[in-house]
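J.: Next up is a structure, given as structure tokens.
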Amino acid sequence: MKILIVGPSLDVPGGVANYCKLMLDTLTVPSAYHTIGRRLGEAGGVASFLRMVKDACAFLRHLRRLKPDIVHLNPSLNFNALLRDIVLLQLSRFHIARKLVFVHGWNDRVAKKLTHPILRRFVVWGLAPAHGFIVLCAAHRDALEQLGVRSAVYVETVAVPDEAGRTSLKIDDDVIRILFLSRIEEMKGALAVIHTHRMLLKSGRKVELVIAGDGPDLDRARRTVADEKIANVTFAGYVVDDAKHRLLEWASLFLFPTRYGEGLPTCVLEAMSYGLPVITTPVGGIRDFFEDGRMGLLAHSTEPEVLAALVDRLIADPAMRRSMSAMNERYAKERFNASQVAQRLSDVYTTLFDSGATASSD
């Protein structure tokens, strides 16, 4: 069985690229990679259009040369990615490969627009060549089925490296070290985290905050800290590998009050793999597995007053934090380690491949 994985440039920061890299490194079945989408430094406009045409032509060449048994596409639910991958599905309609579509990010506004009768018919037609889908939470599976998708829809997870984890969590330290590690934008909760930190300092709590990542609201976040003279805040920039490991080792808890259209935020899984108690919102796949009070605390509001109260609750109860730490590290190893995720993905490949062989024999 040969696999062709189709996804974004592996040089472009993002959860989908990280997932694809991990699967390429971990899968035991022969796998090749075809890059589509924006490249680093791409100017846009005519250059982007020409690149899309070249990507489609290169995709057809991959199909002819590699003759894969499975083509695995990795879009997010936005109009550009959806249209792009519908084109690829239609180009591969008459190729014998079984087609698997893994829908990563999820935009509720787009999902609602797709229920319009005309758009719905187009999308169902466009996705018809797919023999299976993967989504990151049960609600997204239900939405695809309600849209009219008839192929099997699997609920899966993204992954963290097997070696992720920490040596020890210093629960009893006097200073609580809060980490925000994601794209810096308001919908992801970066500004809410800064205001929460300010409230904790004003209440007399000994807290430090690191904001790690890059994004459109980074300058705004820096100005907020400078203008309001908020102490003990560090901006670490975009971090990977050893720098990310050191931050996750440094932190006492992970604060991620996102309102974004998340599939399953990798940053939460990474924090859990390092045994960090997590305060987050019930979005996307978090709703399916996160045990409020055992893995961390769920915030049903992103107001700083609410978030500060949740952090206070964890600060006041070291035993709870210690229990959450052990729970999260154990659960992440069993469920999110790349080797586990790759094995489950291989099982999906095998199911699709076997169903194709059965259909051919019939």
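J.: Check which residues have an amide H placed less than 5 Å from ARG177's amide H, if you skip close sequence neighbours.
T.: Long-range HN contacts for ARG177: GLU208, SER252, LEU253.
J.: Determine ³J(HN,Hα), in whole Hz, for all residues of the range 235-241 in sequence, where each value follows from phi through the Karplus function 6.51 cos²θ - 1.76 cosθ + 1.60 and θ = phi - 60°; x replaces Gly and Pro.
T.: With coefficients 6.51, -1.76 and 1.60, one gets 9, 8, x, 6, 10, 9, 6 Hz.
J.: A follow-up question, please. I'm a student and want to see the number: the projected area of the Cα convex hull of the range 176-335, averaged over all directions, in nm². Walk me through the numbers before you get to the answer.
T.: Working: hull surface 33.3 nm².
Mean projected area of the Cα convex hull: 8.3 nm².
J.: Find how many whole Å separate the alpha carbon centroid of the range 18-87 from the alpha carbon centroid of the range 184-230.
T.: Answer, in whole Å: 36.
J.: Moving on to the next point. Computed FRET efficiency, Cβ-Cβ of PHE122 and SER203, R0 45 Å: what is it to the nearest 0.05?
T.: On the way: r = 53 Å, r/R0 = 1.19.
That gives a FRET efficiency of 0.25.
J.: Put a dot 7 Å past each Cα toward the Cβ at GLU186 and THR234; how far apart are the dots in nm?
T.: Placing both labels 7 Å beyond Cα along the Cβ direction yields 2.9 nm.
J.: Taking amide H atoms as placed 1.01 Å from N in the peptide plane, list the residues 5 or more away in sequence, or in a different chain, whose amide H sits under 5 Å from that of ASN337.
T.: When sequence neighbours closer than 5 places are left aside, the close amide H contacts are VAL160.
J.: Would you calculate the separation in nanometres between label points at THR350 and PHE79, each defined as 7 Å from the Cα along the Cα-to-beta-carbon direction?
T.: It works out to 4.2 nm between the two label points.
J.: For HIS95 and ARG313, what does the FRET efficiency come to when R0 = 56 Å and r is the distance between their Cβ atoms, rounded to the nearest 0.05?
T.: Details: r = 55 Å, r/R0 = 0.98.
The computed FRET efficiency comes out at 0.55.
J.: Next question. Give me the distance between the Cα centres of the range 140-162 and the range 239-282, rounded to whole Å.
T.: Going from one Cα centre to the other spans 23 Å.
J.: Please order ILE96, ILE184, ILE315 by the number of other Cβ within 10 Å, starting at the fewest. If you can, show how the numbers build up before the last one.
T.: Working: ILE96 11, ILE184 24, ILE315 16.
Ranked by crowding around the Cβ, least crowded first: ILE96, ILE315, ILE184.
J.: Say R0 is 22 Å: what FRET efficiency, to the nearest 0.05, do LYS113 and ARG150 get from their beta-carbon distance?
T.: Working: r = 21 Å, r/R0 = 0.96.
Computed FRET efficiency for LYS113 and ARG150: 0.55.
J.: A further question follows. Check the straight Cα-Cα distances from LYS333 and name the lysines below 30 Å, setting aside those fewer than 8 residues away within the same chain.
T.: LYS2, LYS21, LYS99, LYS170, LYS188, LYS244
J.: Non-local amide H neighbours of VAL6 (under 5 Å, H modeled in plane, Pro and chain starts lacking H): which ones?
T.: Here HIS34, HIS72, LEU73, ASN74 satisfy the definition.
J.: Could you check the simple spin-label distance between LYS21 and ASP288, using points 7 Å along Cα→Cβ, in nm with one decimal?
T.: 2.4
J.: Something else now. What is the helix-to-structure angle for 117-127, meaning the angle in degrees between its Cα long axis and the longest Cα principal axis of the chain, kept from 0 to 90 and rounded to the nearest 10?
T.: For helix 117-127, the angle is close to 70 degrees.
J.: How far is helix 46-66 tilted off the main Cα axis of the chain, in degrees rounded to 10, range 0 to 90?
T.: 60
J.: Separate question: Could you state the angle between the C-alpha long axis of helix 79-91 and the longest principal axis of the C-alpha atoms of the chain, as a value from 0 to 90 degrees rounded to the nearest 10?
T.: 30
Every number here is computed from the coordinates shown, using simple stated rules; none is lab data. On a predicted model such as this, the values are computed, not experimentally measured, just so you know. Virtual Cβ from ideal backbone geometry, glycine too; neighbours counted across all protein chains shown.
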